[in-house]
1. Are there any pairs, at least 6 apart or on different chains, whose C-beta atoms fall under 7 Å, with the first in the stretch 95-116 and in contact (Cβ under 8 Å) with a residue 24 or more places away in the chain and the second of a type in the set (D, E, K, R) and surrounded by fewer than 21 Cβ atoms within 10 Å (Cβ to Cβ), and if so, which?
2. Starting from residues that are among the aliphatic types (A, V, I, L, M) and over 22 Å from Thr175 (Cα atoms), keep the ones in the stretch 81-123 and report whichever is surrounded by the fewest Cβ atoms within 10 Å (Cβ to Cβ).
3. Which residues, taken from the stretch 14-32, are closer than 23 Å to Met117 by Cα and part of a helix (DSSP H, G or I)?
4. Is the stretch 127-150 home to any residue that is assigned to a loop (DSSP other than H, G, I, E, B) and among the acidic types (Asp, Glu)?
5. Is there a residue being in contact (Cβ under 8 Å) with a residue 24 or more places away in the chain, under 23 Å from Val131 (Cβ atoms) and under 13 Å from the mean Cα position of the chain (by Cα) anywhere in the stretch 40-62?
6. Can you pull out the residues in the stretch 11-30 that are surrounded by 15 or more Cβ atoms within 10 Å (Cβ to Cβ) and in contact with a strand residue (DSSP E or B) (Cβ under 7 Å, 6 or more places away or on another chain)?
7. Among the numbered criteria (1) modelled with pLDDT of 95 or more; (2) touching a helix residue (DSSP H, G or I) at 6+ places or on another chain (Cβ under 6 Å), which single criterion is violated by Ile12?
8. All but one of (1) on the phi > 0 side of the Ramachandran plot; (2) surrounded by fewer than 15 Cβ atoms within 10 Å (Cβ to Cβ) hold for Gly45; state the number of the condition that does not hold.
Amino acid sequence: MPEQRDLPAEAISLQRATPAMAPVLRNLLELYIHDLSDIFRIELGPEGRFGYEKLHLYWAEPAVRHAFLIKSGNSLAGFALATRGSPASDNSEDLDVAEFFVLRGHRRSGVGRRAAMALWDGMPGSWVVRVSGANRDGLAFWSEIIRSYTSGDFVQSEQPEGWHVFRFASTAWRTAQ
């Protein structure tokens, strides 16, 4: 596992993204998809951008889709996209980490860990996290964080084409049950 740097002194927070923040999120999505192009075959569009077709749905379907900017102190550190309903679940109430990205300069510093936990704590419920086995760093990240967050109370399965699916309940939801 990669070395962990000292945790930054700044507080980590999730800021719900508004439609006015769409250009910032669109720019971050380009960086995210560029990183993923090392793992998946993703082609640039004719205008030189990857694009993210579903971005507008995060404001058109606010009961189903949730977009957050990750902040470290006052600095932008990444984003998290969550949906109610997961492609890996038959339960339409399950919450899904659709996309999650931490800028390289903030990685291995605890920002991603704290942002993921803030997401789960801020949206109590049953969660699904899907990770391709080809994304070794991502798989190690999610495996460790979910194990820590749930104290080992999660289910992991491997799906067709090497996808790993983690299922667990958020802390607030577990204690309320």
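The values are calculated or read from the model by the stated rules, or taken from the named source; none is laboratory data. Note that the structure is a prediction, hence the values are computed from the model and not measured. FYI the Cβ positions are ideal-geometry reconstructions off the backbone, even for glycines, and counts take in every protein chain you see.
1. As it stands, the answer is Leu95/Arg84; Arg108/Glu3; Arg108/Arg5; Ser109/Arg5, since those pairs meet every condition given.
2. First pass over the stretch 81-123, keeping only residues among the aliphatic types (A, V, I, L, M): 81-82, 88, 95, 97-98, 102-103, 111, 115-119, 123.
Keeping just the survivors that are over 22 Å from Thr175 (Cα atoms) gives 81, 88, 98, 102-103, 111.
Numbers: Leu81: 24, Ala88: 16, Ala98: 20, Val102: 22, Leu103: 19, Val111: 24.
Of everything passing the filter in the stretch 81-123, Ala88 is surrounded by the fewest Cβ atoms within 10 Å (Cβ to Cβ).
3. Met21, Val24, Leu25, Leu28, Leu29, Leu31, Tyr32
4. no
5. So far as the stretch 40-62 goes, no, none of its residues is in contact (Cβ under 8 Å) with a residue 24 or more places away in the chain, under 23 Å from Val131 (Cβ atoms) and under 13 Å from the mean Cα position of the chain (by Cα).
6. Ile12, Ser13, Leu14, Ala17, Met21, Leu25, Leu28
7. The number of the failed condition is (1).
8. Exception for Gly45: condition (1).
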